[in-house]
Amino acid sequence: MSVRLTSAQDYASLLDRYDTWMFDCDGVLWHGDRLIDGVVEVLGMLRRKNKKILFVTNNATKSRKSYKGKFDQLGVEAHVDEIYGSAYAAAVYLSTVIKLPKEKKVYVIGQAGLEEELHEEGIAFLGGTDPADCTLAPFSLSDFTLDPDVAAVVCGLDTQINYTKLSKAFQYLTRNPECLFIATNEDSTYPSADGLLPGAGSISAPLRFALGKDPVCTGKPSRTMLDCINAKVHYNPERTIMVGDRLNTDILFGQGGGLATLLVLTGITSESDITGPNASPIVPDYVTNSLADICAVTE
Ligand SMILES: O=C(O)[C@H](O)[C@H](O)COP(=O)(O)O
Ligand SMILES: [Mg+2]
C-alpha cells in the first residue's frame, strides 16, 4: 500500500530519510520544454540541504551534454555528471558490456543525442539523422546494400521515423542472425508540453512485430541504467529515493535497485491507475500530486 503524502510533516520526514534523490525528467520536471511549477524551488531546497541529486531519463533524444543545455535554458541547476539518459546507457552497454569491436557499427533509429553518446563511446554508426535515411521516398530493397560491419540495431525515440529506417533495420536484423536488437527504452508514450505522443516503445514496436522478437532494453527499468549510475556515483540505496511518473519504468527501476520510490501524478500515471478495481500491481512507496508539494516544507 502506498503512503499518500499530504502534510508538511510528511515531506519533512521524507527529506530527513533520503540523502540521494534520483529524478525522472519527462512528466516529473517538465513536459517537453515547459517546466512543471515548483521544480526549481524544490531542487534548490534539496541542494541547500546537501542532498545528492541525479537525473535519470529514458529520453534518448538528447545526450548528457545536450541535456545540460536544456537544464541551463530552463534555469535549472544541473551538472553533466548528474545526468543519466537511456542514450548514454545504450552506448555504455555496447562499449563495456557487449564490448563491440572497433571495426563494427550500429544502425541507428534515433536522434542526435543517441548519435552523440555512441560517438562519445567510440562506436561507429549509420542511419539516425543521416538525410539519406530521413526520407519519405519509397524504399527500394534492390537498391539497398547491406553494410557487413553493422553488428547491432539501436532504436530510440525518433520523430523522423519512416519506412526506410524500419526496412533497413529489418534487413540488418534478419540477414545477420548475430545482429543485436537494442531499444534505449520502451516507454509507450511521451508527455509533451501539449499532450501525449507516441514514445520510444512505439517506435520500436513495428520492428518487434515484424521480427517476432523483443529487443534488449537498456533504459529504465533495466539494470543496465542503474549499472551505469553505480559505475560513476557512490550512494546508499537504503537512503535513496527514485521520483518518477511512470509505474512500469521509474517505479520498477527504483524497486529493482532497492531504492524507495515516489510517484508523482504530473506525468503518465493518473489516480485511476493506482486506485480502484484496475489499479496497477506496481505499488510505489509514496505518492504525491506533484514534485512541487515538497515546497510545503519550511527550511
Ligand atoms: O522515449 C520516450 O517515450 C520519452 O523519452 C519518455 O518520456 C521517457 O522520458 P523520462 O520520463 O524517462 O524522462
Ligand atoms: Mg517520465
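Taking 0.36 nm per residue of sequence separation and subtracting the Cα-Cα distance, how much length would be gained by fully extending the chain between GLU41 and LYS65, in nm to one decimal?
Values: separation 24, 0.36 × 24 = 8.64 nm, distance 2.31 nm.
Stretched out fully, the GLU41 to LYS65 stretch lengthens by 6.3 nm.
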If R₀ is 41 angstrom, what is the calculated FRET efficiency for the pair ALA296 and VAL97, using the beta carbon separation as r and rounding to 0.05? 0.45
Evaluate E = 1/(1 + (r/R0)^6) for ALA112 and ALA231, where r is the Cβ-Cβ distance and R0 equals 22 Å; express this FRET efficiency to the nearest 0.05. 0.35
Which parts of region 230-244 would a label at VAL216 reach, counting a residue when its backbone N lies under 18 Å from a point 7 Å out along Cα-to-Cβ? 230-231
With N set to the number of residues, divide the alpha-carbon radius of gyration of region 189-299 by 2.2 N^0.38 Å and report two decimals. 1.21
Amide H contacts under 5 Å for SER290, placed H, 5+ residues apart: LEU265
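Which pairs, out of LYS51/LYS102; LYS99/LYS220; LYS70/LYS102; LYS52/LYS220, put more than 28 Å between their alpha-carbon atoms? Working shown, then result.
On the way: LYS51/LYS102 39 Å; LYS99/LYS220 21 Å; LYS70/LYS102 31 Å; LYS52/LYS220 20 Å.
With Cα atoms farther than 28 Å apart: LYS51/LYS102; LYS70/LYS102.
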Solvent-accessible ranking of CYS295, CYS155, largest area first, probe 1.4 Å: CYS295, CYS155
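Using only Cα atoms, what Kirkwood radius does region 121-166 have, in angstroms? Write out the running numbers ahead of the final one.
Working: mean 1/r = 0.0832 Å⁻¹.
Evaluated on region 121-166, it is 12.0 Å.
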Mean separation of Cα contacts under 8 Å (6+ apart) over length of the chain, as relative contact order %: 23
Separation between Cα centres of region 156-189 and region 89-114, rounded to whole Å: 13
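Taking the solvent-accessible surface of protein heavy atoms with a 1.4 Å probe, what is the per residue accessible area of region 90-246 in Å²? Display every interim value, and only then the final one.
On the way: 7230 Å² over 157 residues.
On a per-residue basis, 46 Å².
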Give the distance, in whole Å, between the Cα centre of region 27-72 and the Cα centre of region 215-286. 16
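Let me spell out the model: positive unit charges on the Cβ of Lys and Arg, negative unit charges on the Cβ of Asp and Glu, origin at the Cα centre of region 1-115. What dipole size does that give, in debye rounded to 20? Could you put the intermediate results ahead of the total?
Working: 17 positive and 14 negative charges, 89 e Å.
For this selection, approximately 420 debye.
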Taking only the Cα atoms of the chain, how large is their convex hull per residue, in Å³? 131
In vacuo Debye sum over C-alpha of region 100-217, base-10 log of normalised intensity I(q)/I(0) at q = 0.13, 0.18, 0.21, 0.23 Å⁻¹, listed in q order, is -0.47, -0.92, -1.25, -1.48
Rounded to the nearest 10 Å², what accessible area does GLU186 show when all protein chains are kept and the probe is 1.4 Å? 70
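For region 205-299, give the magnitude of the charge dipole about the Cα centre (Cβ charges: +1 Lys/Arg, -1 Asp/Glu; no others), in debye to the nearest 20.
Numbers: 7 positive and 10 negative charges, 102 e Å.
Value, rounded to 20: 480 debye.
The values are calculated or read from the model by the stated rules, or taken from the named source; none is laboratory data. Note that the structure is a prediction, hence the values are computed from the model and not measured. Every residue, glycine among them, receives a Cβ derived from its backbone with ideal geometry; neighbour counts consider all protein chains shown. When the accessible area is computed, the model is the full protein with side chains, heavy atoms only, and any ligands, DNA or RNA have been set aside. Shrake-Rupley method; radii C 1.70, N 1.55, O 1.52, S 1.80 Å.
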